[in-house]
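A quick write-up on the structure given underneath.
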């Protein structure tokens, strides 16, 4: 158990930019944008999405918020927080992929693998420890930043609603789905486990290939092309 803790601590120390700093950078940036939107300093417009205080100038929108039931409020908050969490999940995915690609490759490159192999820990235990970091530890590290982003969003929105006399300050807090955080944790773990074959393949290329990026990408691309040309299907790509 102590060996596992030591390896995990070492991995997090060596890859803290991706696992620790990146989620907070993304969360801080998004929090700043959210606060600026509620202050009326900016707005977010895309083809399918608009985040602006102008939306609440519509009397029908205000009436709908005041007449919304508890379950409707909870569903609206849940949908909004799901959208907010998407960039952080994307950042987490890139961090895990970068870690999987570099963790063994960097050790081979700087020869530190020789030192770690001299310790009384088997290679299989080291591999399992690195997999546990990617599959279980990394998803947990994004939770504090995600919670911070959610709290900033709900707080800023509640203040704006109360000051603008749209709905009471407690409108969102009363319906906040706190128990959803348990589901969020298990959902992140399930997504990581679903990506296990990809993570394992990338770690394998980092452990043995001279050019791990090319080796990780080229074989799957070739398989997809061969399958498409010879079988006219895309099963491998879907998987």
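Taking every alpha-carbon pair under 8 Å whose residues sit at least 6 apart, the chain reaches a relative contact order of 28 percent. The angle between the Cα long axis of helix 180-194 and the main principal axis of the chain comes to about 30°, on a 0 to 90 degree scale.
Between the Cα long axis of helix 212-230 and the first principal axis of the chain there is an angle of about 80°, rounded to the nearest 10. The helix-based estimate of mean residue ellipticity at 222 nm for the chain, built from -39,500 (n - 2.57) per DSSP H run of four or more residues and divided by its residue count, is -23500 deg cm²/dmol to the nearest 500. Mean projected area of the convex hull spanned by the Cα atoms of segment 5-104, taken over all viewing directions: 9.3 nm². Against the main long axis of the alpha-carbon atoms of the chain, helix 2-14 sits at an angle near 70°. If r is the Cβ-Cβ distance from residue 60 to residue 106 and R0 is 41 Å, what FRET efficiency results, to the nearest 0.05? With a Förster radius of 41 Å, E is 0.15.
On full extension, the segment bounded by residue 223 and residue 21 gains 69.1 nm, given 0.36 nm per residue less the C-alpha separation. The label-point distance for residue 204 and residue 180, in a model that sets each label 7 Å from Cα toward Cβ, rounds to 3.8 nm. Once the C-beta distance of residue 44 and residue 196 is scaled by a Förster radius of 35 Å, the resulting FRET efficiency is 0.50 to the nearest 0.05. Treating r as the C-beta distance of residue 162 and residue 9 and R0 as 41 Å, the FRET efficiency rounds to 0.40. Over 17 Å, how big is the tail of the calculated P(r) for segment 124-188, in percent of all Cα pairs? Everything past 17 Å amounts to 56 percent. Note: segment 52-175, Cα convex hull, 136 Å³ per residue. The mean of 1/r over all distinct Cα pairs in the chain, once inverted, gives the Kirkwood hydrodynamic radius of 20.9 Å. Among 152, 83, 198, the order by Cβ neighbours within 10 angstrom, fewest to most, reads 83, 198, 152.
All of the numbers you see were taken from the coordinates with simple rules; none came from a lab. Note that the structure is predicted; figures quoted are calculated from it, not measured. Cβ atoms come from the backbone with ideal geometry, glycine included; neighbour counts cover every protein chain shown.
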